[in-house]
Amino acid sequence: MTQTNTLIAALEQGLQQLDQQSLRRRRRVADTPCAPRQQVDGREMLAFCSNDYLGLAAHPRLTEALREGASLYGAGSGASHLISGHSRAHAMLEGRLAEFASPYIDYARALYFCTGYMANLAIITALATQGAEIFSEELNHASLIDGTRLSRAKTHVYPHADLDALANLLAASVAQTKIVVTDSVFSMDGDLADLPKLAALCEQHGAWLVIDDAHGFGVLGENGRGALEHFRLRSPNIVYMGTLSKAAGVGGAFIAAHETVIEWMVQRARSYIYTTAAAPALAHALLTSIDIISGAEGRERRAHLQNLIVQLRNGLTLKRWQHPHSDTAIQPIIIGRNDEAMAAASALYEQHLWIPAIRPPTVPQGTSRLRVTLSAAHTTQDVDQAIAALNALEGATA
């Protein structure tokens, strides 16, 4: 066997191990726009798996705005923001996002990124100057975890929602720069971090509070301004990240913080400096998305989504599978074993219901689950169909 074949064989063995543990991931191909009703691998499916919480991904106004943006700015940006890729559309979007965040952040300025992953890497690696210590929530998103690893800063992981443990860690720290990092809405459980108490702790101990509001922006708050509006939270210690690919329906992400923090990111954040800027047409379309989110239509969509959440919670009668409380669009159904979760997802797929199984390492061992995500584009009939299928499936597998 050649050396190359030996390398390939090692990878094939690793893939076989993933199969044995029911952990191999597979992609499906969607032939139609993101929506509750989709053609997937040639099948008509009712999808409960996207993060398109307000149903804007295929909104006619957004698709028209994207078309208009391409006619104004072309297909690509051509360079990084700091070379020649920063368009008028990017600048206008950052201005709107800073305005969106200004009720909760002093001297707010915003910075647009290609993805939320890159934004989180930027925040943590740029803030974690020499001698910094990071205090990271146990259930944080992988991008936050990877940001802490890349920063090479000393990192403490505190148990999920255990603010007493965090308080003790902060009190014991003598670091000049302390950074507390948390999701706002936890992406696999749907519960919310206690941001007011976290902000109070950070102010008490002189720490930054980095908030990943990927699943809150556009959805939480009367005007869709996210977790900060939901909690009516204002603090000079906040560095806020919101994604624009979920409730906003397009793509990218942004950081909002004090103008000095943002200027520091521009000068020091490698995942901002050394990448080509996103297509200006996306930024142009996002201006329309912000208009929808903050207007009457956005409020109507959030109200409908909340009604669907209540409908699902009240309709499920699960006894063996666990359905932890969540008031958000993320509704987990914890099954436990990887193979059982995969079998449940497969059975639902055969009924033309697309509800994915989530397994380790995305979730802790022994907590494999179905992750039901609701959208304002779903109807009450759609949710009734999912409720009936889930209740019947659990009964059939008991």
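Yes/no per residue for (1) modelled with pLDDT of 95 or more; (2) more than 20 Å from the chain's Cα centre (by Cα); (3) farther than 30 Å from TYR117 by Cβ; (4) assigned by TED's automatic domain parsing to the domain that holds LEU111:
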| site | (1), (2), (3), (4) |
| --- | --- |
| TYR272 | yes, no, no, yes |
| THR275 | yes, yes, no, yes |
| LEU286 | yes, no, no, yes |
| ASN307 | yes, yes, yes, no |
| SER326 | yes, no, no, no |
**OP:** Return the pairs, sorted by first residue and then second, in which the second residue is assigned to a helix (DSSP H, G or I) and polar (S, T, N, Q), the first residue lies in the range 346-361 and is in contact (Cβ under 8 Å) with a residue 60 or more places away in the chain and in the same structural domain as ALA388 (by TED's automatic domain parsing), the beta carbons are less than 6 Å apart, and the residues are 6+ apart or on different chains.
**Re:** ARG359/ASN338
Original post:
Would you say ALA256 is under 20 Å from the mean Cα position of the chain (by Cα) and either on the phi > 0 side of the Ramachandran plot or in contact (Cβ under 8 Å) with a residue 24 or more places away in the chain (or both)?
Top reply: yes
**OP:** Residue by residue through the range 252-267, note down the ones that are in a strand (DSSP E or B) and hydrophobic (A, V, I, L, M, F, W, C).
**Re:** ALA253, PHE254, ILE255, ALA256, ALA257
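Each row is one residue, and each column tells you yes or no for (1) more than 22 Å from ALA277 (Cβ to Cβ); (2) without any contact (Cβ under 8 Å) to a residue 40 or more places away in the chain; (3) hydrophobic (A, V, I, L, M, F, W, C).
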| residue | (1), (2), (3) |
| --- | --- |
| THR129 | yes, no, no |
| SER136 | yes, no, no |
| GLY147 | no, yes, no |
| LEU150 | no, yes, yes |
| HIS156 | yes, yes, no |
Subject >> Residue check, SER235 part of a loop (DSSP other than H, G, I, E, B) and within 30 Å of HIS323 (Cβ to Cβ) >> reply: no
**OP:** With the checklist (1) within 24 Å of ALA122 (Cα to Cα); (2) buried (at least 17 other Cβ atoms within 10 Å of the Cβ) in hand, flag the one item ASP191 doesn't pass.
**Re:** (1)
Original post:
How many residues are in a helix (DSSP H, G or I) and either among the polar types (S, T, N, Q) or surrounded by fewer than 24 Cβ atoms within 10 Å (Cβ to Cβ) (or both) if we restrict to the range 275-300?
Top reply: 12
**OP:** Tell me, please, whether a residue that is farther than 30 Å from LEU54 by Cα, surrounded by fewer than 23 Cβ atoms within 10 Å (Cβ to Cβ), touching a His at 6+ places or on another chain (Cβ under 8 Å) and not basic (Lys, Arg) can be found in the range 137-158.
**Re:** no
Subject >> Condition broken by ALA253, with the remaining ones in (1) crowded, with 24+ Cβ neighbours inside 10 Å; (2) touching a His at 6+ places or on another chain (Cβ under 6 Å); (3) of a type in the set (Gly, Ala, Ser) satisfied >> reply: (2)
Original post:
Could you say whether any residue in the range 127-139 is part of a helix (DSSP H, G or I) and of a type in the set (Ser, Thr, Tyr)?
Top reply: no
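The values are calculated or read from the model by the stated rules, or taken from the named source; none is laboratory data. Bear in mind the structure is a predicted one, so any value in this text is a computation, not a measurement. Cβ sites come from the backbone with ideal geometry, for glycine too, and all protein chains shown count toward neighbours.
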